[in-house]
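Q: Please find one structure pasted underneath; my questions will follow.
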Amino acid sequence: MVIKSLSRKSGTEQVIKYLFKDEKKLSNKDFKPLVMRHNLRTRTLEKMIKEYRANETFRRVRRKDSVKVYHEIISFSKEDKDKITEKMLRDFGKKYMELRGKDNMYIITQHVEKDHIHLHAVVSGTKYLTGVASRISKAEFGRLKVAMQTYQKEKYPELSKSIVAHGKGKGYSKDARQTNKSKLEVDLKRAYQQSNSTQDFLEQLKKLGHEPYYRNEKLTGIKYDGETKFRFSRLGYEDKIKALDGRENEEKQKLEELENLRGNRANSRERSFDDGINISNQMESEDEQENDYTR
């Protein structure tokens, strides 16, 4: 997901009203209107605006350029729009408030445009009733974005197209590699869950467009889209692959035990059949002796 933060040194009313200005963006046939509030007691726009302004009066350190509210936006790739649900957006809103700080005031709503689904959040410039500025540093905001994306990857891996290289500045030479790595991690998890052996694992990855590579005839890593190389050891999959080998050996052992069991049962049936023949032969021999005696 992409997360942006815009500082507003004035215009609290305009920012809050902007969120709900266009009713067509707030809901459609797939999404009901969403309004999330935190540390707010009222429900109408005018009264919520008054609460934000009242909270600002507690500010401890006053400056002309103090930030009154933060307008923060959480957006997703248009390629994932058919996978995003109303429940997901509400969950992301709750998680964002938790990570950004529960001691702030929040209004969060959704804009569900045709190809662009995103959340808007208005965060108070000061923490609730304390007057302490709610500003976070660039580094803290970077960690917040990474934490949100980690949550997304773990809980909603299907949103694979909404993964970006958070925490890197513009022009950072490793952005593309980091993005590819994040996408690859999603594919690795999916392939691993569906595999019972190393061979299965590699076949699943090939179906997803990735190729394994070897060094000194030893499986070393994977090529993202057949190009960029990533080592399994750095992806945390070296031990997992060994576990797959163990799982495969266990499956082979179970198959061998099953075959042996089937073989033993077959041998047992053959012995029973032979015993039956021997008994018949013995009976025939006794009949012959009896006939000889009679004669």
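Q: Counting other beta carbons within 10 Å of each residue's own, what order do Ser162, Ser137, Ser124 fall into, fewest first?
A: Ser137, Ser162, Ser124
Q: Please state the relative contact order of the range 2-162 as a whole percent: Cα pairs under 8 Å, 6+ residues apart?
A: Averaging sequence separation for qualifying contacts and normalising by length gives 32 percent for the range 2-162.
Q: While we're on this one: How far, in nm, would the chain grow between Ser27 and Val61 when pulled straight, counting 0.36 nm per residue and subtracting the alpha carbon separation?
A: Gain on extension, Ser27 to Val61, equals 8.3 nm.
Q: Using modelled amide H (1.01 Å from N, peptide plane; none on Pro or chain starts), what sits under 5 Å from the amide H of Thr126, excluding residues fewer than 5 places away?
A: Amide H to amide H, under 5 Å and 5 or more residues apart or across chains, Thr126 pairs with Ser134.
Q: Taking 35 Å as R0, compute the FRET efficiency from the Cβ-Cβ separation of Arg177 and Glu46 and round it to 0.05.
A: Result of the calculation: an efficiency of 0.10.
Q: Separation between the Asn39 and Lys229 pseudo-spin-labels, each 7 Å from Cα along Cα→Cβ, expressed in nm?
A: The answer from the label model is 5.1 nm.
Q: Return, ordered by residue number, the residues of the range 46-76 whose backbone nitrogen is under 17 Å from a label point located 7 Å along Cα→Cβ of Lys9.
A: Backbone N within reach: 61-71.
Q: List every residue whose amide H lies under 5 Å from the amide H of Glu113, counting only residues 5 or more places away in sequence or on a different chain, with H placed 1.01 Å from N in the peptide plane.
A: Excluding prolines and chain starts, which carry no amide H, the hits are His118.
Q: Amide H of Ser77: which non-local residues (sequence gap of 5 or more, or other chain) have their own amide H closer than 5 Å, using H built in the peptide plane?
A: Amide H neighbours of Ser77: Ser162.
Q: For Lys9, what is the net charge nearby, where nearby means another residue's Cβ is under 10 Å from its Cβ and Lys, Arg count +1, Asp, Glu -1?
A: +3
Q: Can you compute 3J(HN,Hα) from phi for each residue in the range 152-157, using the Karplus curve 6.51 cos²θ - 1.76 cosθ + 1.60 with θ = phi - 60°, rounded to whole Hz and x for Gly and Pro?
A: Karplus values, whole Hz, x for Gly and Pro: 4, 5, 6, 8, 10, x.
Q: Residues of the range 87-107 with amide nitrogen under 20 Å from the 7 Å Cα-to-Cβ point of Val2?
A: 89, 92-93, 96
Q: Additional query: If each of Glu158 and His116 carries a label point 7 Å out from its Cα toward its Cβ, how far apart are those two points in nm?
A: Here the modelled spin labels are 2.5 nm apart.
Q: With θ set to phi - 60° and the Karplus curve 6.51 cos²θ - 1.76 cosθ + 1.60, what are the ³J(HN,Hα) couplings of the range 185-199 in order, to the nearest whole Hz, using x for Gly and Pro?
A: 4, 5, 5, 4, 4, 5, 5, 5, 5, 9, 10, 10, 7, 4, 4
Just so you know, all these numbers are worked out from the coordinates, no wet-lab data involved. Here the structure is a predicted model, which is why all the values come from computation and not from measurement. Neighbour counts are summed over all protein chains in view; Cβ atoms, including those assigned to glycine, are modelled from backbone coordinates with ideal geometry.
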